[in-house]
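What follows is a short report on a single structure.
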Amino acid sequence: MKPEVVAIVAVAKNGVIGAEGGLPWRISGDLKRFKALTMGKPLIMGRRTFEALPRPLLGRELVIVTRRPSLSAPGARFARSPDEALEIAREIARASGAKEICIGGGGEIYRALLEATDRVELTEIDLAPEGDAYLPPFDLARWRETARVAPERGPRDEADYAFVTLERRRG
Ligand SMILES: NC(=O)c1ccc[n+]([C@@H]2O[C@H](COP(=O)([O-])OP(=O)(O)OC[C@H]3O[C@@H](n4cnc5c(N)ncnc54)[C@H](OP(=O)(O)O)[C@@H]3O)[C@@H](O)[C@H]2O)c1
């Protein structure tokens, strides 16, 4: 069976997902959810997001999209296009038995792989910060909200947030 392609993204009320190469908020609950959703699965990300990671993402097989032929990093695979990244991630999933392929951003890669995405695990952040990376608004005629949970804000969460699942409407 083909693994499901799942994009995991935190987005502010104004569509911002990033600023100056990083996240414009600190929300511990969201980082924990990202870890839980991606653990043990192939994880595709753009070169800019990869280079901005504060620490290695252990337990996930990274597939980095870049046009630069000379990049390498221990424990990561490199793809020359978003489609090639999907192929590599499918290979990894076949070999490991993972049932999902995760897309972990950033803006360019979410956009490039949106058509291939079956499900979006969105974190809606109750802020409207300035930024330079965006998620385009979802055409809700093509997506169905199937879950919404608003966790209680903890001491290491800078804002309120909600976890929302969107599934692509088929047919
Ligand atoms: N809120 C969230 O959930 C979330 C998640 C992840 C990231 N982010 C944020 O998003 C921002 C980064 O996003 P971004 O859009 O600037 O960059 P990005 O999507 O992380 O990476 C862009 C890079 O991917 C490569 N790339 C893109 N399209 C390609 C193609 N068709 N073929 C080959 N390579 C391609 C290029 O790498 P080369 O330049 O090496 O060729 C390009 O510079 C950061 O602020 C980050 O913190 C937010």
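The values are calculated or read from the model by the stated rules, or taken from the named source; none is laboratory data. None of the values given here were measured: they were computed from a predicted structure. Here Cβ is always computed from backbone atoms with ideal geometry, including for glycine, and neighbour counts include all displayed protein chains. Heavy atoms of the whole protein, side chains included, go into the accessibility calculation; ligands, DNA and RNA do not. Shrake-Rupley method; radii C 1.70, N 1.55, O 1.52, S 1.80 Å.
If you place +1 on the Cβ of every Lys and Arg and -1 on the Cβ of every Asp and Glu, how big does the dipole about the Cα centre of the chain come out, in debye to the nearest 20? Please list the in-between numbers first.
Working: 28 positive and 25 negative charges, 112 e Å.
Value, rounded to 20: 540 debye.
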Per the charge dipole of the range 4-168 (beta-carbon charges, Lys/Arg positive, Asp/Glu negative, Cα centre), the residue among G29, L166, P54 reaching farthest to the positive end is P54
Using a 1.4 Å probe on heavy atoms of the protein chains only, the accessible area for T66 in Å², nearest 10, reads 10 Å²
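If M1, M39, M45 are ordered by their accessible area, calculated over protein heavy atoms with a 1.4 Å probe, which sequence runs from highest to lowest? Each step should come with its number before you reach the end.
Working: M1 230, M39 80, M45 0 Å².
Final ranking, largest accessible area leading: M1, M39, M45.
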Relative contact order in percent for the chain (Cα pairs under 8 Å, 6+ apart) equals 34 percent
Longest principal axis of the chain (C-alpha) makes with the long axis of helix 82-96 (C-alpha) an angle, in degrees to the nearest 10, of 80 degrees
Placing one equal point scatterer on each C-alpha of the range 4-168 and summing with Debye, one gets log10 I(q)/I(0) at q = 0.08, 0.11, 0.13, 0.17 Å⁻¹ equal to -0.22, -0.42, -0.60, -1.05
Log10 I(q)/I(0) at q = 0.17, 0.22, 0.23, 0.25 Å⁻¹ for the range 33-129, from Debye over equal alpha-carbon scatterers, is -0.73, -1.24, -1.35, -1.57
The convex hull of the Cα atoms of the range 66-105, divided by residue count, gives a volume in Å³ per residue of 81 Å³
Checking E145, E115, E91 against a Gaussian network model of the chain (alpha-carbon springs below 10 Å), the top fluctuating residue turns out to be E115
Around V65 (Cβ within 11 Å, Cβ-to-Cβ, excluding V65; K/R +1, D/E -1) the net charge comes to +3
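Given the Cα atoms of the range 75-171, and with Rh set as the inverse mean 1/r over their pairs in the Kirkwood sense, what is Rg to Rh to two decimals? Each step should come with its number before you reach the end.
Details: Rg = 15.7 Å, Rh = 15.7 Å.
That ratio is 1.00, to two decimals.
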Nearest 10, in degrees from 0 to 90: the angle of helix 28-38 to the longest Cα principal axis of the chain is 30 degrees
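Under a 1.4 angstrom probe, counting protein chains only, how are S81, S70, S96, S28 ranked by accessible area, largest first? Before the final figure, lay out each step's value.
Details: S81 40, S70 100, S96 65, S28 15 Å².
Largest to smallest exposure gives the sequence S70, S96, S81, S28.
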Heavy-atom accessible area of the chain with neighbours in place, 1.4 angstrom probe: carbon+sulfur share in percent works out to 51 percent
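Restricting to DSSP H runs of at least four residues, report the calculated mean residue ellipticity at 222 nm for the chain, -39500 (n - 2.57) per run over all residues, nearest 500 deg cm²/dmol. Kindly include the intermediate steps, with their values, before the conclusion.
On the way: 4 runs with 37 residues, N = 171.
After summing the helix terms and dividing by the residues of the chain, the value is -6000 deg cm²/dmol.
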